[in-house]
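A short write-up of the structure that comes next.
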Amino acid sequence: MSGRGSFIRDQRGAVAFEMPFVYLFLIMSLLLPLADIAIAGFQYVSAWQALRAFGQSIQYAPPSDFSNTSSWASNALAKADPRFPIPSIQVICGDTNSACSSTNLASPKYYSYTTTVTLAPMVLRPVLCTSSSANPCVFTLPFSERFQ
């Protein structure tokens, strides 16, 4: 038998030749999108935990004057996580979802605040970033917590 005939029958090198293509396909189609989702999930959970931690830090230190909460709010906002800043906090009185004032001091009372999460996906940008705003990968997470 000739050398060429033995190579045709013995095809052990075919797997070694195809494996770089299989690895490239697996990494590009499965692992990178999975990494995008995992990173986005960790960022979302971290932001949500920062909101909850901020709520716990202000839970037992309510404002002394519900008609003017500006000085209390500035002191409270200093306790926020710098990775997920909270731009403003609102104290809501009653079931009408309106801010506390000298004319609205009804119970129950809530804190309401938000933070933003910025995603930077590598592969899944069209799926995760669907907004048409200037920065489509910024998401706002609202949070409210009753304190009285």
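Just so it is clear, none of the values below were taken in a lab; they were calculated from the coordinates. What you see is a predicted model, and the numbers here were worked out from it, not measured in a lab. Here the Cβ is made from the backbone with ideal geometry for all residues, glycine too, and neighbour counts use every protein chain on show.
Taking Cα atoms only, the orientation of helix 32-59 departs from the longest principal axis of the chain by about 20 degrees.
Considering only 129, 90, 140, and ranking their Cα positions along the charge dipole of the range 66-148 that arises from unit charges at the beta-carbon of Lys, Arg, Asp and Glu, the one farthest toward the positive end is 129. For the range 77-103, the residues whose amide N sits under 19 Å from a probe point set 7 Å from the Cα of residue 52 along the beta carbon direction are 80-86. Using C-alpha pairs below 8 Å separated by at least 6 residues, the relative contact order for the chain is 22 percent. Looking at the range 48-131, the chymotrypsin sites (Phe, Trp or Tyr not before Pro) that sit in a DSSP loop and have at most 11 other Cβ atoms within 10 Å of their own Cβ are 60. Computed from the C-beta positions of residue 64 and residue 130 and an R0 of 41 Å, the FRET efficiency is 0.40 to the nearest 0.05. Put a dot 7 Å past the Cα of residue 105, heading toward its Cβ, do the same for residue 147, and the two dots end up 1.7 nm apart.
Average 1/r across all pairs of distinct alpha carbons in the chain, invert it, and you get the Kirkwood radius: 19.6 Å. For a label point 7 angstrom out from the Cα of residue 81 toward its Cβ, which stretches of the range 49-71 have the backbone nitrogen within less than 14 Å? 49-57, by backbone N distance to the label point. Computed from the C-beta positions of residue 74 and residue 96 and an R0 of 22 Å, the FRET efficiency is 0.30 to the nearest 0.05. If only the Cβ of Lys and Arg carry +1 and only the Cβ of Asp and Glu carry -1, the dipole of the range 3-146 around its Cα centre is close to 380 debye.
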